[in-house]
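Everything on this sheet refers to the single structure shown next.
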Amino acid sequence: MAEKKDGKVVLKVDLNEQAKIILEKAQEKGVEHSFLFITTFQRYKEHITHLADLEKIIKEEGMLCKKEYVKGRANLYMNPAISAYNSTASAADKTAQLLIRYIVAPLKDADGDGDGDAFDLF
């Protein structure tokens with residue numbers, strides 16, 4: 001869903017609903033109990049939580065921070081939450097790619113014919 005706030009379009013996404021959809025897709029492929037899927041999915045949810053927290057910090061504190069030195073001179077520097085946000089977003093993107101692979105294109109079975117459940121290997 002999208003709504004306007006202060007002249008900007010703001011997307012409203014129910015993350016719990018999206019998580020249910022991912023789990024349903026995993027069930028369709030039979031990978032919802034796989035160790036690799038479970039740990040990757042949990043890691044992805046944690047990344048999303050961290051991103052939301054960092055986004056709040058950036059909105060509250062702004063893009064720039066001041067740091068005063070001994071003689072009272074203030075210097076501006078970029079909010080460290082921004083680089084943390086960027087690196088967490090990159091990690092979340094990589095984790096999402098793994099989830100997509102686990103759900104959409106499971107690994108080939110031991111025979112290499114792709115007929116078996118790839119997660120039986122793990």
Residue-normalised accessible area of segment 8-74, given per residue in Å² at a 1.4 Å probe: 81 Å²
Return the carbon/sulfur percentage of the accessible area of segment 7-108, one whole number, probe 1.4 Å, all protein chains in place. 57 percent
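Rank by packing, highest mean first: peptides 37-46, 69-78, 13-22, 90-99, with packing defined as the count of other Cβ atoms within 10 Å averaged across residues.
On the way: 37-46: 16.4, 69-78: 7.7, 13-22: 10.8, 90-99: 14.7.
Highest mean packing first, the order is 37-46, 90-99, 13-22, 69-78.
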Between K66 and Q27, the two model label points (7 Å from Cα along the beta-carbon direction) sit apart by a distance in nm of 5.5 nm
dims of segment 39-87, Cα set, principal axes, largest to smallest, nearest Å -> 50, 17, 13
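The values are calculated or read from the model by the stated rules, or taken from the named source; none is laboratory data. Nothing here was measured: the structure is a model prediction, and the numbers come from that model. Using ideal geometry, Cβ is built from the backbone for each residue, glycine included, and neighbour counts are taken over all protein chains shown. Ligands, DNA and RNA are stripped out before the accessible areas are found, and what is left, the full protein with its side chains, is counted by its heavy atoms. Shrake-Rupley method; radii C 1.70, N 1.55, O 1.52, S 1.80 Å.
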